[in-house]
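The structure under discussion appears below in the form of structure tokens.
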Amino acid sequence: MSTSPNLTFNDGRTIPQLGYGVWQVDDATAEDVVGRAFKAGYRHIDTAKIYGNEAGVGRAIEASGLSPEELFITTKLWNADQGYESTLAAFEESMQRLGLETLDLYLIHWLQPKRGKYVDTWKALIELQKRGRVRSIGVSNFTVEALQEIIDETGVVPAINQVETHPYFNQAELRAFEADKGILHESWSPLGSGKGLLEDPVLAGIAEKRGATPAQVVLAWHLALGLVVIPKSVTESRIIENWGALEVSLTDEDIAAINGLDKGEAGRIGANPATADFA
Ligand SMILES: NC(=O)c1ccc[n+]([C@@H]2O[C@H](COP(=O)([O-])OP(=O)(O)OC[C@H]3O[C@@H](n4cnc5c(N)ncnc54)[C@H](OP(=O)(O)O)[C@@H]3O)[C@@H](O)[C@H]2O)c1
């Protein structure tokens, strides 16, 4: 069975580059499919309070017989819990649901600029890391300006920024800034969230040449760019297929062709972090 490469955070810890995301998976299904993902080889699971399946992920971890040292678990602080004290409390509730003593990675889920609480929230994550409750801390859906602001305010550089990233919206500018600061980039909706990307003829052509599927080609592109990537599927054959991306090699020409699919802002499928404001 393949194993995922690890990437190294700016805090010295590592993260398995290929993980498994569970957005839009109900709690009972999460228990089942995370168990299937472990069997396929995944050791890195991406959940969040708002997904409503931290408990199901926890039950899958418990049932797997895998030790915490063999796993890498990420969860995220929800928008309504932003603020210093409320973050500390929300973290403990997530840990109860997951059934874990120590978390591998805690992320601020969205910037929520209108709330004006992300700096205090970031300070709470720094405190949780100091207390040894979480090994690594990062953010999700942060802009260049907000990344710079939390670094300036605290001196602590996030380990990672998890952001919408796929061939139609490849985030080249944000990635260049992060690389300069030593922040890893993590791709959410890496397959375009099932909204047509996988039918692109350029991807189909590369897939045929490499003896792979379009989804494997897209995941191999994320891996080749050095991004952490967390595809979601509730379909066992696709869970296994996506893991198989670890064996797919792309040429520089393939990568350049996939880079060329970027549509800029028109390629975005989710909310814009710079303006998104929701509870
Ligand atoms: N931080 C954030 O704000 C944020 C936002 C969105 C997502 N995320 C994270 O990123 C993860 C992945 O994003 P996502 O769930 O939006 O989308 P995604 O992984 O890009 O795509 C998932 C969709 O693609 C389908 N699919 C998966 N593998 C496939 C394959 N090999 N061939 C064809 N179709 C395939 C899935 O169908 P089936 O499931 O029916 O097989 C599902 O409809 C989430 O689960 C979550 O952990 C984070």
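Results, tabulated for the structure shown:
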item: Rg over Rh, two decimals, the range 41-88 (C-alpha only, Kirkwood Rh); result: 1.05
item: Principal axis dimensions, largest first and in whole angstrom, of the range 31-163 by Cα; result: 42, 25, 25
item: Value at 222 nm in deg cm²/dmol, rounded to 500, when DSSP H runs of n ≥ 4 in the chain each add -39,500 (n - 2.57); result: -12000 deg cm²/dmol
item: Where labels lie 7 Å past Cα in the beta-carbon direction, separation of SER237 and LYS130 in nm; result: 5.3 nm
item: Added length on full extension, which subtracts the Cα-Cα distance from 0.36 nm per residue, SER64 to ASP152; result: 27.5 nm
item: Ranked packing of 20-28, 138-146, 269-277, most packed first, by mean Cβ within 10 Å; result: 138-146, 20-28, 269-277
item: Percent breakdown of C-alpha pair distances by 10 Å bin, ordered from the shortest bin, for the range 159-279; result: 13, 46, 33, 8, 0
item: Three-way shape label, the range 1-106, alpha-carbon gyration tensor, a/c 1.5; result: oblate
item: For the range 37-51 versus the range 215-240, the gap between their alpha-carbon centres in whole angstrom; result: 13 Å
item: Rounded to 5, the percent of DSSP beta bridges in the chain classed as antiparallel; result: 15 percent
item: 12 Å beta-carbon shell around ASN79, net charge (K/R +1, D/E -1); result: +3
item: The chain: projected area of the alpha-carbon convex hull, averaged over directions, in nm²; result: 13.4 nm²
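No value in this document is a laboratory result; all are computed from the given coordinates. Just so you know, these numbers come straight off a predicted model, no measurement behind them. Every residue, glycine as well, gets a Cβ built from its backbone with ideal geometry; the counts of neighbours run over all protein chains shown.
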